[in-house]
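The values are calculated or read from the model by the stated rules, or taken from the named source; none is laboratory data. Here the structure is a predicted model, which is why all the values come from computation and not from measurement. We place every Cβ from the backbone using ideal geometry, glycine too, and count neighbours over all the protein chains shown. Heavy atoms of the whole protein, side chains included, go into the accessibility calculation; ligands, DNA and RNA do not. Shrake-Rupley method; radii C 1.70, N 1.55, O 1.52, S 1.80 Å.
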Amino acid sequence: MASFDINNNIIADRWKERYEKLSDEKKNKLEVLSKAEISEYQLQVIKRKRIYPKKGDIFEIKPKGNILLHGMVINNHINNINGDDLLLVLIFKEHVDVRRCVIKGIKSDDLLIPPQIVGKEYWARGYFCNVDGYDDTIRIDNYGFYYIGKHKFCDEYGNEMKEEPELLGIYGVATIIGVAKKINQELIIAGIL
């Protein structure tokens with residue numbers, strides 16, 4: 001039986017291809033980030049709240065200094081193999097008007113990082129802080145996740161999808177450390193850090 005290489009998947013391959021196209025300066029900054037202590041890139045605490053977020057909640061994130069990002073809860077009360085009462089969130093690029101995006105339809109160009117499945121601890125620990133809400137229908141292109149262990153595309157519940165979705169994340173619960181690192185990587189690539 002052939003051994004399974006977790007790094008041999010479309011997500012890892014796309015990252016390698018993208019990384020190779022970066023300038024040496026950005027590659028060096030990413031290398032420094034990869035070796036940094038968690039405290040150097042962890043999200044800043046804004047305000048702790050013991051709420052369970054609702055679909056349409058818009059929240060703030062402060063990754064570093066005066067940088068302010070916004071996110072939105074797309075789905076909640078997700079129960080799958082990874083846990084119960086999980087949430088599906090999107091994190092937008094800096095200066096993106098979330099309400100306007102939702103009205104016109106959320107596209108991959110609006111997002112800083114791919115869709116993420118998270119737990120409510122992001123709010124309890126104060127890393128995500130609700131600032132607004134959107135009660136109408138959320139317009140979003142097709143999204144989904146790549147299930148690395150099974151080499152398939154699926155929705156947030158683990159149901160298989162026939163085709164690759166436009167907005168593609170990794171199936172599994174994103175850790176607070178992992179989300180912070182991904183955000184910092186993208187801010188480096190965007191030239192903000």
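Normalised by the number of residues in the chain, what is the relative contact order in percent for Cα pairs under 8 Å and 6+ residues apart?
23
Let me have the 222 nm mean residue ellipticity of the chain computed from DSSP H runs of 4+ only, each contributing -39500 (n - 2.57), with the sum over all residues rounded to the nearest 500.
Helix-only estimate at 222 nm: -7500 deg cm²/dmol.
Would you mind putting 76-83, 115-122 in packing order, based on average other-beta-carbon counts within 10 Å, highest first? Present the calculation step by step, with values, prior to reporting the outcome.
Values: 76-83: 14.0, 115-122: 20.0.
Those peptides, ordered most packed to least, come out 115-122, 76-83.
Just to confirm, what accessible area per residue do you get for the stretch 38-108 at 1.4 Å probe, in whole Å²?
With all protein chains present, the stretch 38-108 gives 53 Å² per residue.
From Cα pairs below 8 angstrom and at least 6 apart in sequence, can you work out the relative contact order of the stretch 103-162, rounded to a whole percent? Before the final figure, lay out the partial values.
Values: 42 pairs, mean separation 18.1, N = 60.
Relative contact order for the stretch 103-162 comes out at 30 percent.
Tell me the trypsin sites (Lys or Arg not before Pro) within the stretch 136-177 that lie in a loop according to DSSP and have at most 14 other beta-carbon atoms within 10 Å.
Arg139, Lys162
Could you list the square roots of 5 times each eigenvalue of the Cα gyration tensor of the stretch 112-172, that is, the equivalent ellipsoid semi-axes, sorted largest first and rounded to whole Å?
25, 16, 9
Stokes-Einstein at 20 °C, 1.002 mPa s, Kirkwood radius from Cα pairs: D for the chain in µm² s⁻¹? Kindly include the intermediate steps, with their values, before the conclusion.
Numbers: Rh = 17.4 Å.
So the translational diffusion coefficient is about 123 µm²/s.
For the chain, give the percent of accessible area contributed by carbon and sulfur heavy atoms, probe 1.4 Å, rounded to a whole number. Each step should come with its number before you reach the end.
Values: 5080 of 10670 Å².
The nonpolar share, carbon plus sulfur, comes to 48 percent.
Leaving out same-chain residues fewer than 8 places away, which lysines sit with a Cα under 24 Å from that of Lys104?
Filter leaves Lys54, Lys55, Lys93.
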